[in-house]
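Asks: So that we are looking at the same thing, I have put the structure below in structure tokens.
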Amino acid sequence: MFRIGHGYDVHRLKFGRKLILGGVDIPNAMGLLGHSDADVVVHAIMDAILGALALGDIGKHFPDTDEKYSGADSIKLLECVCKLIDEKGYKVGNIDATIIAERPKLAGYIDDMRKNIADACGCDVSQISVKATTEEKLGFTGEMLGVSAHSVALLMKK
Ligand code: ZN
């Protein structure tokens, strides 16, 4: 009836890259480095959803060696993942995600992220939680070398 999954992802921060989080283009001097748009929170969410059905991870479904995914819009990839679980007879119950970033302040973008993710998953925004925190200037997120994200997803049989 229920399946639960966990996802975790990290991307390196780099000057001159776009900062895309939850499908929102956030003005910032630094952005995340990656083969796709490097949307770290959407990647963690996809891994949580795939993990819930033991379907592997996003590296398996969208390999970074494939040119097709160069600069890919991760929200579109999330749509593909949700289509896949739909075919397996499941739907999203709820998703919770945490972004760990020293800067910029993300509070003003959270609701737009939740809406983008809910739209991709075909569910209501009330089923999607996104939170942001810092690690008090400690470690790689604190030193602004990178941004990480955790997520859990609960799936329900349709
Ligand atoms: Zn990633």
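Values quoted throughout were computed directly from the atomic coordinates according to the rules given, and no laboratory measurement underlies them. Nothing here was measured: the structure is a model prediction, and the numbers come from that model. Quick reminder, even Gly has a Cβ in these numbers, built from the backbone with ideal geometry, and neighbours come from all protein chains shown.
Asks: Using only Cα atoms, tell me the angle between helix 40-52 and the longest principal axis of the chain; keep it within 0 to 90° and round to the nearest 10.
Replies: With rounding to tens, the tilt is 30 degrees.
Asks: Specify the inter-centroid distance of the stretch 55-80 and the stretch 1-51, based on alpha-carbon positions, in whole Å.
Replies: Each part reduced to its Cα centre gives a spacing of 12 Å.
Asks: Just from its helices, what would the mean residue ellipticity at 222 nm be for the chain, if runs of 4 or more DSSP H residues each count -39500 (n - 2.57) and the sum is divided by every residue, rounded to the nearest 500 deg cm²/dmol?
Replies: Numbers: 5 runs with 47 residues, N = 158.
One gets -8500 deg cm²/dmol as the mean residue ellipticity at 222 nm.
Asks: I need the shape label for the stretch 1-60. Rule: rounded when a/c is under 1.5, else prolate if a/b > b/c, else oblate, with a, b, c from the alpha carbon gyration tensor.
Replies: Numbers: a/c = 3.62, a/b = 2.45, b/c = 1.48.
Prolate shape, in that a/c is at least 1.5 and a/b is the bigger ratio.
Asks: Another question about this same structure. Choose one of G51, S129, L155: the residue whose Cα lies farthest towards the positive end of the charge dipole of the stretch 47-158 (beta-carbon charges +1 Lys, Arg; -1 Asp, Glu; about the Cα centre).
Replies: L155
Asks: Tell me, what are the semi-axes, in whole angstrom and largest first, of the equivalent ellipsoid of the stretch 47-141 as set by the roots of 5 times the Cα gyration tensor eigenvalues?
Replies: Details: eigenvalues 118, 67, 34 Å².
Taking √(5λ) for each eigenvalue gives 24, 18, 13 Å, largest first.
Asks: May I ask you to evaluate 6.51 cos²θ - 1.76 cosθ + 1.60, the Karplus curve with θ = phi - 60°, for each residue of the stretch 115-130 and list the ³J(HN,Hα) values in order in whole Hz, giving x for glycine and proline?
Replies: Taking θ as phi minus 60°, the curve returns 5, 4, 5, 4, 4, 5, 8, x, 10, 7, 4, 5, 8, 10, 10, 10 Hz for the stretch 115-130.
Asks: Could I ask something else about it? Can you tell me, using C-alpha contacts under 8 Å and at least 6 residues apart, the relative contact order of the stretch 80-158 as a whole percent? Could you put the intermediate results ahead of the total?
Replies: Working: 123 pairs, mean separation 37.4, N = 79.
For the stretch 80-158, the relative contact order is 47 percent.
Asks: If you don't mind, there's one more thing I want to ask. Check cross-link reach from K131 to the lysines: straight Cα distance under 30 Å, and skip same-chain residues fewer than eight apart.
Replies: Result set, ordered by chain and number: K14, K18, K60, K76, K83, K88, K91, K105, K115, K157, K158.
Asks: Could you put V41, V130, V147 in order, starting from the residue whose Cβ has the fewest other Cβ atoms within 10 Å?
Replies: Numbers: V41 31, V130 24, V147 27.
Going from least to most buried by this count: V130, V147, V41.
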